[in-house]
Amino acid sequence: MTTQLREDLALANKILVNEGVLDGFGHISVRSPNNPDRFFIARSMAPALVEAQDIVEVDLDGHVHDSQGRRTYVERFIHSAIYKARPDVMSVVHSHSPAVIPFGVTGARLRPICHMSGFLGAVTPVYEIRHSAGENTDLLISNQALGESLAQVLGQSNVALMRGHGSVTVGNEIKQAVFRAIYTESNARLQSEASRFGEINFLTEAEAKATSDMNDLHLDRPWEMWKRNALK
Ligand code: MN
C-alpha cells in the first residue's frame with residue numbers, strides 16, 4: 001500500500017468525523033490498488049485518531065492480514081462482502097450519521113432532494129437485518145453471511161440504509177465515497193426539513209444521474225476544503 005493511499009485513508013477518517021458523518025464509531029476502507037481481493041481499513045479505534053500507521057489489510061472474507069497481529073472492526077464484513085459483490089467499488093463508508101436514521105425506521109424513503117445528492121438515484125434501499133438473522137440480533141454486521149445479505153440489498157445502488165443502525169455508502173475512490181457519505185447526511189437533513197412544509201418535488205431519475213455525473217468532475221474542490229478544516 002502506498003504511503004499516499006494510507007495518508008488519504010487516515011485523512012478521510014478525520015474529514016468524516018469533522019463533517020459529522022462518523023463519531024466514535026463507523027469506518028471507511030479502500031480496496032487495494034495492487035490486489036483487488038484485499039482492502040485497507042483502520043485497526044479497531046476511534047476514526048478521529050486514525051493515522052497512516054494504523055491501517056491494516058483485510059481480505060474479502062474479512063480475515064485480517066497484519067504482521068503485527070492487530071485487529072480491526074467487528075463490522076469489517078460490511079466492507080469485505082461489498083468489495084466481493086461489487087468489483088466497481090473501490091471505497092466503502094459505514095456510518096451511524098444521525099439524520100439518516102429516521103429514513104430506515106419509517107415508511108419515508110430517502111430520495112435526492114437537491115443536485116448535490118443525485119447519486120442517491122431513484123430508490124435508496126433499506127436493509128432489514130431481521131430478514132436474514134431474526135429479531136434477537138445486536139444489529140451489527142458481524143459475519144460474512146450478514147455482510148453478503150447487506151451487499152445483496154445494496155445491489156447496484158450507491159447508498160443503502162440499515163434499519164435502526166446507520167448506512168453504507170460506496171464509491172469508485174476515497175473522495176467519491178466521502179463526498180457521498182457527507183451529502184447523504186445532508187440530504188437526510190434537508191428532506192426531513194422539507195417534509196414539514198408539504199409534498200416534496202424530488203429530482204427525477206434523469207436529473208439524479210446528470211447531477212451526479214457533474215459532481216463527480218469536481219470532487220477535488222470540496223475535498224481540499226474538508227481537508228483543511230479537518231486538520232485545523
Ligand atoms: Mn455500525
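Miscellaneous remarks
- Index of the failed condition, Phe39 passing every other in (1) part of a loop (DSSP other than H, G, I, E, B); (2) surrounded by 21 or more Cβ atoms within 10 Å (Cβ to Cβ); (3) of a type in the set (Phe, Trp, Tyr): (1)
- Test: residue in the stretch 185-204 that is crowded, with 22+ Cβ neighbours inside 10 Å, of a type in the set (A, V, I, L, M), under 28 Å from Arg6 (Cβ atoms) and in contact (Cβ under 8 Å) with a residue 60 or more places away in the chain: no
- The lone criterion from (1) at pLDDT 95 or above; (2) more than 22 Å from Asp23 (Cβ to Cβ); (3) outside any strand (DSSP E or B); (4) among the aliphatic types (A, V, I, L, M) left unmet by Val123 is number (1).
- Looking only at residues in the stretch 83-98 that are away from the ligand (no atom under 16 Å from the Cβ) and in a helix (DSSP H, G or I), the one that is nearest to Glu19 (Cα to Cα) is Tyr83.
- Close pairs (9 angstrom Cβ cut-off, 6 or more residues apart or separate chains): among the hydroxyl-bearing types (Ser, Thr, Tyr) and away from the ligand (no atom under 12 Å from the Cβ) in the stretch 139-165, part of a loop (DSSP other than H, G, I, E, B) and modelled with pLDDT of 95 or more anywhere: Ser149/Ile129; Ser149/Ile141; Ser157/Gly121; Ser157/Thr124; Ser157/Pro125
The values are calculated or read from the model by the stated rules, or taken from the named source; none is laboratory data. Remember, it's a predicted structure, so these values are computed and weren't measured experimentally. Cβ: placed from backbone, ideal geometry, glycine included. Neighbour counts: every protein chain shown.
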